[in-house]
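The next block holds one structure in the form of structure tokens; read it before the comments.
The values are calculated or read from the model by the stated rules, or taken from the named source; none is laboratory data. The shown structure was predicted, so the numbers you read here are calculated from the model rather than taken from an experiment. As a convention, Cβ positions derive from the backbone with ideal geometry for all residues, glycine included, and neighbour counts pool all protein chains shown.
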Amino acid sequence: MKTSLIISTYNWPEALSLVLKSVLMQTVLVNEIIIADDGSSEATKLIIDKYRGSIQIPIIHIWHEDLGFRKTIIMNKAYSAAVGDYIVQVDGDVILHPKFIYDHINNAKKNQFIHGGRVLVNAQTTVERLNNLSIDFNFFSYGLRNRLNAIYSPFLSSFFKFKSTSINKTRGCNFACWKKDFEMVNGYNEDMVGWGYEDTELSVRLINNNIFKIRLKFIALTYHLNHIIKEDDNNDVNLNILNYTITNNSTFCKNGIQSID
């Protein structure tokens, strides 16, 4: 199967550089990297161009104008452009464990999608890593806030891996699904503009289509760089859309990867 890695980003080129550096260190490479750019400045393009010369797989930069937080729209554009049968999705502020892609591909199965975990890096260590360009993390690294999540153990992971219909901990920063399943539910709901709940709402529609969630623990690790989360005024609107999807057992959204009248 062909696999695409989609990295969402917005105006943090220093973090994106570390993410791409960690992609270079993967034991298994994807067929392409797609940067889903929600309107970043020229500095982000320069970082992408730099890495294009360092890796032997295509890096595709999908960009649209900065008109506020429009992750659902740029992600749908990225999925539309993807050649992969299987899509692995991360945010542009998470450093990948060297076996991250291998773990996702190794756990790809029909009728399921994956949510993985994250290790939270504190503010001081984040600044240090951005300055020294180091991406080497492990359980004993200093500056980790939830250290148990930094344990890498395929053996332990096998005891925690099961099908679930829970929407808890449904984050797009460590996510994977089949492109055909994403298209079946019409992708991200573009009525959700602004920060919050867009990944959860997508997951609900997948689950309502009998695509089960698999929660990966102790494998497919990511290290989340510290930053301030800016919630916006549209948060309540997005929560209402999520609650509507849950209440009505929605399997499809009209305003998604394809607009439906």
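Things to note:
Every residue, every condition in (1) free of Cβ contacts under 8 Å to residues at least 60 places away in the same chain; (2) aromatic (Phe, Trp, Tyr); (3) in contact with a Ser or Thr (Cβ under 9 Å, 6 or more places away or on another chain); (4) assigned to a helix (DSSP H, G or I), yes or no:
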| site | (1), (2), (3), (4) |
| --- | --- |
| Ser54 | yes, no, no, no |
| Gly68 | no, no, no, no |
| Thr72 | no, no, no, yes |
| Met75 | no, no, yes, yes |
| Ala78 | no, no, yes, yes |
| Val83 | no, no, yes, no |
| Val88 | no, no, yes, no |
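- Verdict on Thr27 being under 25 Å from Tyr102 (Cα atoms) and of a type in the set (Ser, Thr, Tyr): yes
- Residue selected from the stretch 1-46 under the condition aliphatic (A, V, I, L, M) and surrounded by fewer than 20 Cβ atoms within 10 Å (Cβ to Cβ), by the criterion nearest to Lys110 (Cα to Cα): Met1
- Taking the stretch 88-102 as the range and being within 23 Å of Asp181 (Cβ to Cβ), of a type outside the set (S, T, N, Q) and touching a strand residue (DSSP E or B) at 6+ places or on another chain (Cβ under 9 Å) as the test, the residues that pass are Val88, Val90, Asp91, Val94, Leu96, Phe100, Ile101.
- Residue identified as in contact with a helix residue (DSSP H, G or I) (Cβ under 6 Å, 6 or more places away or on another chain) and touching a residue at least 40 places away in the same chain (Cβ under 8 Å) among Ser17, Ser22: Ser17
- Counted residues, the stretch 1-14 - those being out of contact with any strand residue (DSSP E or B) (no Cβ under 8 Å at 6 or more places or on another chain) and not acidic (Asp, Glu): 3
- Beta carbons closer than 7 Å, at least 6 apart along the sequence or on distinct chains, pair a first residue in the stretch 167-183 that is within 13 Å of Ile207 (Cβ to Cβ) with a second that is among the aliphatic types (A, V, I, L, M) and not in a helix (DSSP H, G or I) for Cys177/Ile87; Asp181/Ile211.
- For the stretch 1-38, a tally of residues being under 29 Å from Lys180 (Cβ atoms) and either outside any helix (DSSP H, G or I) or among the hydroxyl-bearing types (Ser, Thr, Tyr) (or both) returns 24.
- Counted residues, the stretch 164-202 - those being closer than 23 Å to Ile95 by Cα and of a type outside the set (Phe, Trp, Tyr): 13
- When the test is whether a residue is at pLDDT below 95, surrounded by 21 or more Cβ atoms within 10 Å (Cβ to Cβ) and of a type outside the set (D, E, K, R), Asn168 does not pass it.
- Top-ranked residue of the stretch 193-252 - restricted to ones that are under 18 Å from the mean Cα position of the chain (by Cα) and of a type in the set (Gly, Ala, Ser), ranked as farthest from Cys177 (Cα to Cα): Gly194
Results for (1) touching a helix residue (DSSP H, G or I) at 6+ places or on another chain (Cβ under 6 Å); (2) part of a loop (DSSP other than H, G, I, E, B), shown as yes or no for each residue.
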position	(1), (2)
His104	no, no
Lys109	no, yes
Glu128	no, no
Phe137	no, yes
Asn149	no, no
Phe175	no, no
Lys180	no, no
Gly187	yes, yes
Met192	yes, yes
